[in-house]
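Some notes on the structure that comes next.
The values are calculated or read from the model by the stated rules, or taken from the named source; none is laboratory data. This is a predicted model, so every value here is computed, not measured. In this analysis, Cβ positions are derived from the backbone assuming ideal geometry, glycine residues included, and neighbour counts consider all displayed protein chains.
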Amino acid sequence: MEGQELPLGAEQRWYATNQRLPDGRIIIIGGRRQFNYEFYPRNSESSSSFWLEFLRETRDDDENNLYPFVHLLPDGNLFIFANTRAISLDYKHNRVVREFPSITIDDPRNYPSSGSSVLLPIDENEPIEAEVMVCGGAPRGAFSRAKQGIFDATSHSCGCIKVTDENPSWAMEDMPMPRVISDMILLPTGDVVIINGAGSGTAGWEIGQNPVTRPVIYKPHGVEDIRFSVMSPATRPRIMVEKLFLAPKIGRKQRGNEVLVENAMAELGRLLMYEASRDWLIVPILRAGLSLAEHASSTDMVNWDHWWRTLLWSM
């Protein structure tokens, strides 16, 4: 299937974040020197961009407010996190309805000090609680220092905030190892995989150093301080322009009382001078007695018995 080039937006953007909305539109937020947001497709009543002062306020000398983290909340508003601050935005009426406390540790979390974020699973059988997790990042000023050849250690810290609380606050924990330019994804169990990235420096123009090859699994309902499990290392480092996602389940075969789940992956070649390769991250989420995940290359034989796979693409 060939790609389709879409019409130009209201603004030219670099390092913006997209979020799909319940009505099928996409909201496009921020970008370099773009302190606003817009919608795609546009309609006659909202044919331009909308100013968001929060984005201007969160820009510092290294920027650190690019690729803001955006999550759709149960009340229909958007949680937006940039640098170290967060708000709830009523995008339908173009107003900030709430500003949350700044994350407790003052390490920027957005590009170029890129951390990662997820909205933790919501149990529909319980009173609605929306909790956002933000992990990794780099010390303030790390980007400028990295451009001079001084590579600071990245951030160990993770923060969780229940945005539906009356008086929300950040609960902080440390990851087993620091990361910047990492990726996060939710598993069907509700656990979180944190993967890839660098142990020093920041994102941007080859200034991330010391690849972090060991993913971790975070269990939101586990015992505090031991909720992280370190997984086996990847065979190749991945720092920039990588993406983690759950491979789609496309078929099933019945064998006795067991169901074997098969997944599909697209073939990815080489693009320009960059490596284009893929790994399977095999996560034991259904089989009892397994505590660590494994890595397998695309050519490895894998036992599918009650396992799901997570696919990593890197370019």
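Listed here are the strands (runs of 3 or more DSSP E) enclosed by the stretch 163-223 that have at least 2 residues being among the small types (Gly, Ala, Ser), over 15 Å from the mean Cα position of the chain (by Cα) and within 15 Å of ALA146 (Cβ to Cβ): 198-201.
Restricting the stretch 55-75 to residues that are assigned to a loop (DSSP other than H, G, I, E, B) and farther than 18 Å from VAL97 by Cβ, the residue that is nearest to the chain's Cα centre (by Cα) is TYR67. Kindly evaluate PHE54 against the criterion of being under 27 Å from HIS156 (Cα atoms) and modelled with pLDDT of 95 or more. It is true that PHE54 is under 27 Å from HIS156 (Cα atoms) and modelled with pLDDT of 95 or more. Filter the stretch 142-162 down to the residues that are in a loop (DSSP other than H, G, I, E, B) and in contact with an Asp or Glu (Cβ under 7 Å, 6 or more places away or on another chain), then identify the one that is farthest from ASP60 (Cα to Cα). Taking the candidates together, the pick is HIS156. Residues in the stretch 102-131 that are of a type outside the set (S, T, N, Q), surrounded by 14 or more Cβ atoms within 10 Å (Cβ to Cβ) and part of a loop (DSSP other than H, G, I, E, B): ILE103, ILE105, ASP107, PRO108, ARG109, PRO112, GLY115, LEU120, PRO121, ILE122, ALA130. Is it the case that some residue within the stretch 99-114 is closer than 28 Å to ILE194 by Cβ, among the polar types (S, T, N, Q) and touching a Gly at 6+ places or on another chain (Cβ under 6 Å)? Within the stretch 99-114, one or more residues are closer than 28 Å to ILE194 by Cβ, among the polar types (S, T, N, Q) and touching a Gly at 6+ places or on another chain (Cβ under 6 Å). Of all residues in the stretch 122-147, those satisfying the criterion of being closer than 14 Å to MET184 by Cβ and either touching a helix residue (DSSP H, G or I) at 6+ places or on another chain (Cβ under 6 Å) or not aliphatic (A, V, I, L, M) (or both) are GLU131, CYS135, GLY136, GLY137.
The numbered conditions (1) within 27 Å of GLY141 (Cβ to Cβ); (2) surrounded by fewer than 18 Cβ atoms within 10 Å (Cβ to Cβ); (3) modelled with pLDDT of 95 or more; (4) not hydrophobic (A, V, I, L, M, F, W, C) are all true for ARG33 except (3).
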